[in-house]
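Worksheet for the structure shown next.
The values are calculated or read from the model by the stated rules, or taken from the named source; none is laboratory data. If you're wondering where the values come from, they're calculated on a predicted model, not measured in any experiment. Every residue, glycine among them, receives a Cβ derived from its backbone with ideal geometry; neighbour counts consider all protein chains shown.
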Amino acid sequence: MKRTLAALFVTISTPGLVAAQDLSGGVTLGYGNHDIAGQGLTTTSLDGRVKLAFANGMTLGVSAGYLDLGIDGAPFDISANFVGLDAGYNFGNGISAGVYVEQLTGSVSALPIDLTLKSIGAEVGYTTGNLQFGAHVGRTSTSPDINIDIDNVGLTAKYTPSEKLDIGGAFLRATLSSGGSEIDIDMLGVAAAYDINPQLSVFGGVSRTSISDVDVDFTTMGLGVGYDLSSMVGMASIVSLEVARTEVSLGGGSEDLDTLRLGLTFPLGGKGTEAPLNSVADSIFNPRHGAVNAALTGAF
């Protein structure tokens, strides 16, 4: 994972990429304290993303992330790392098209085998005024092979009515098929971020993930505040605090996962990101292409 994150930062700093016409993104260091049914959990995370647009119409995106989940009293940890690449072309009339590849690997320290999800797909976008729309389709394979095919589709929208306000929405569906049976996992979410003044901002989001033919739903809500430290520390940086809750509904009963998140974000480019990369809002503004991956990103 360290090599993956190193590759991200090398990519960001490559002289040829600095010549990009437009650059946006950021890096967030995160810490989370969680509680579900009296069981304490802690998470530490590092997430980075950069999007580059060149004068010739080409675009390039790189993202990477790492999360470590500790369970109070348990003799093992759960960790996950993610890397994604996308390349595309902006046709100059508001339409863009491209391809993406993503890899998510999860591991349990007590087990000798990791599970890796590898995704590949195509995406299109359309921008008109302050509105942006996107769509993607793709396929995910597993390593080791667990004999499950996963097809992904997604729709995204973003509206920027002013420089201070961003509103976003996303719908993702993962269709799992095996032995002639299919299950759909759907995630639907909305988010917003608002700059109260040059130093203070607020952000929030809500998403709902459901599994077809199974009475299971996950509803995640998060609300946070960010404060710009740039004038104090002499470099672009934002500290954030978010409170979040994920309600897990199963068979008529429910449990709540309560979360308190801290983040330190270093914006890249003039815009940076709408919200910290470890927030519920960012998991909706910039969702990963798989519904399960996007839902877990919001919850943890």
Quick one: would you say GLU255 is in contact (Cβ under 8 Å) with a residue 60 or more places away in the chain, surrounded by fewer than 19 Cβ atoms within 10 Å (Cβ to Cβ) and under 26 Å from ASP35 (Cβ atoms)? yes
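Residue-wise test of (1) modelled with pLDDT under 95; (2) of a type outside the set (A, V, I, L, M); (3) outside any strand (DSSP E or B).
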| position | (1), (2), (3) |
| --- | --- |
| GLY169 | no, yes, no |
| ALA174 | yes, no, no |
| ILE185 | yes, no, no |
| SER201 | no, yes, no |
| PHE218 | yes, yes, no |
| GLY224 | no, yes, no |
| ALA236 | yes, no, yes |
| GLU242 | no, yes, no |
Looking at (1) of a type outside the set (Phe, Trp, Tyr); (2) within 25 Å of PHE82 (Cα to Cα); (3) exposed (fewer than 14 other Cβ atoms within 10 Å of the Cβ), which one does LEU172 not meet, given that it meets all the others? (3)
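Looking at the range 90-155, what strands (runs of 3 or more DSSP E) fall wholly within it and have at least 2 residues that are surrounded by 16 or more Cβ atoms within 10 Å (Cβ to Cβ), modelled with pLDDT under 95 and out of contact with any Ser or Thr (no Cβ under 6 Å at 6 or more places or on another chain)?
On the way: elements: 95-108, 115-128, 131-143.
Qualifying strands (runs of 3 or more DSSP E): 95-108.
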Looking at the range 267-300 only, could you name the residues that are surrounded by fewer than 20 Cβ atoms within 10 Å (Cβ to Cβ) and modelled with pLDDT of 95 or more? none
Going residue by residue through the range 44-56, is there one that turns out to be on the phi > 0 side of the Ramachandran plot and in a loop (DSSP other than H, G, I, E, B)? no
Run down ARG208, ARG261 and say which single residue is in a strand (DSSP E or B), free of Cβ contacts under 8 Å to residues at least 40 places away in the same chain and under 20 Å from the mean Cα position of the chain (by Cα). ARG208
So which of SER119, SER162, SER141 ends up being within 17 Å of the chain's Cα centre (by Cα) and among the hydroxyl-bearing types (Ser, Thr, Tyr)? SER119
The range 102-122: number of residues that are within 17 Å of TYR66 (Cα to Cα) and without any contact (Cβ under 8 Å) to a residue 40 or more places away in the chain: 10
Of (1) farther than 22 Å from LEU23 by Cβ; (2) surrounded by fewer than 16 Cβ atoms within 10 Å (Cβ to Cβ), GLY189 satisfies every one except (2)
Just give me the residues in the range 135-180 being without any contact (Cβ under 8 Å) to a residue 24 or more places away in the chain and within 30 Å of PHE203 (Cβ to Cβ), in sequence order. ALA135, VAL137, VAL153, LEU155, SER162, PHE171
For the range 227-244, does any single residue satisfy the condition of being surrounded by 13 or more Cβ atoms within 10 Å (Cβ to Cβ), more than 30 Å from LEU41 (Cβ to Cβ) and touching a helix residue (DSSP H, G or I) at 6+ places or on another chain (Cβ under 6 Å)? yes
